[in-house]
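To keep things clear, I will list the structure first and then write my remarks on it.
The values are calculated or read from the model by the stated rules, or taken from the named source; none is laboratory data. Just so we're clear, the structure is a prediction, and the values are computed from it rather than from any experiment. Positions of Cβ are generated from backbone atoms using ideal geometry, with glycine treated the same way; all protein chains shown enter the neighbour counts.
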Amino acid sequence: MSLSCPLVVTPKPSIGRLDVARWFGSHTRKGAILAGMIGLLLLAGMVVSPSAGATVTVAGNATLGVGGVVTPVGAIKTTSDSSSAMTITSGGSQSSPKVYDGQGHTVGTITVKGSWITVQNFNIRATGQYGVYSDGTGITIQNNDIKGIHTSGDGDLNAITFFGNNTTIAYNTAINFVSGDPGSSHTDAIQTWVSSSHPTGSSNVTIKGNKFSGPSNPSRTASTPSIHQCVMAEGVGSAANTGGSGPSTNWLIADNYFHDSWNQCIKLDDIDNVTVTRNEFAGDSDHVMEVTSASSGFKYYSDNKVTGSYGSVGITITPGSGPTIL
């Protein structure tokens, strides 16, 4: 695979809400100037994660899939197709993350181990059980297409497996992403967990604008490559694993399209302060959500759309609309 030489990545500045700028603008002349500057930044398409403490930004004018986000000046570009796996370990900083842009080229499984890294615009054709494996702080996975996941390793089949704070997963597509007979494998679009081998929780996580869809499997036949969960997350208090420490908190799951067909679309076990809003649930699992008693601060808003044939939602619905993402 050919990559261009690293250049300086131009950072996207974090900005606040426009109404805050207007407040300043009504009180001081300098505030008015600040308001105008922030308004221009908003028009330019800059956004900030709504979760407290989150620092990763996502392009406000991005659209779904490969090519839906522009290649920034200074990005490290992939310039040819490859069937080989790709490993990324060199990151940037919080103010200047390093961007790796596939420019629509095909690669194998992408493994990211580092901090302040953005991976975008790749057609990922997996070389094993994962499409993307991400472990680090401040990693953004956006506008990729993932296919070709197949049995290997420990039996998990995930489009995206991630670990780490300030992770953003946005505008990716993973449609019928499992190849061949999955057998008894556990098949998820996104999965994370805490254990002795992955010992810290993941906080300030944004999952936005993705499309994850698999075949319907109402009879729950093991040979059908359906999605068991679109989001599967287990914190340190989950009974499913042992070891590790630290909270998994402040998650936003918004504006996604999910088509799953097994037990539930989203399962949260000891993941706290999670907001689920404006998603479309189009699958036919037993229920939309499962949130264990180890989790707290969970809100599933009534602006979510259930267009599939689930047995039940599975949790208490919070009336009204969830937070708007700026």
task: Would you point out the residue of segment 103-137, among those that are crowded, with 24+ Cβ neighbours inside 10 Å and of a type outside the set (Val, Ile, Thr), that is farthest from SER82 (Cα to Cα)?
output: SER134
message: For the condition outside the structural domain of GLY201 (by TED's automatic domain parsing) and out of contact with any strand residue (DSSP E or B) (no Cβ under 8 Å at 6 or more places or on another chain), what is the one hit in THR318, THR324?
response: THR324
statement: If we keep only residues of segment 199-224 that are crowded, with 18+ Cβ neighbours inside 10 Å and hydroxyl-bearing (Ser, Thr, Tyr), then the residue nearest to GLY283 (Cα to Cα) is SER213
task: Evaluate the following for SER202: is it without any contact (Cβ under 8 Å) to a residue 60 or more places away in the chain and over 21 Å from THR224 (Cβ atoms)?
output: yes
Matching residues in segment 69-92 - criterion: being polar (S, T, N, Q) and more than 20 Å from the chain's Cα centre (by Cα): THR78, THR79, SER80, SER82, SER83, SER84, SER90
- request: Search segment 231-252 for residues being crowded, with 18+ Cβ neighbours inside 10 Å and among the hydrophobic types (A, V, I, L, M, F, W, C), and hand back the single one that is farthest from ARG278 (Cα to Cα).
  value: VAL236
From the options ASP255, ASP269, ASP260, residue that is crowded, with 24+ Cβ neighbours inside 10 Å and charged (D, E, K, R): ASP260
message: Of all residues being assigned to a strand (DSSP E or B) and under 16 Å from SER84 (Cα atoms) in segment 146-161, which is nearest to the chain's Cα centre (by Cα)? Just the residue, please.
response: ILE146
- request: State whether one or more residues within segment 140-158 are free of Cβ contacts under 8 Å to residues at least 60 places away in the same chain, surrounded by fewer than 24 Cβ atoms within 10 Å (Cβ to Cβ) and over 19 Å from PRO225 (Cβ atoms).
  value: no
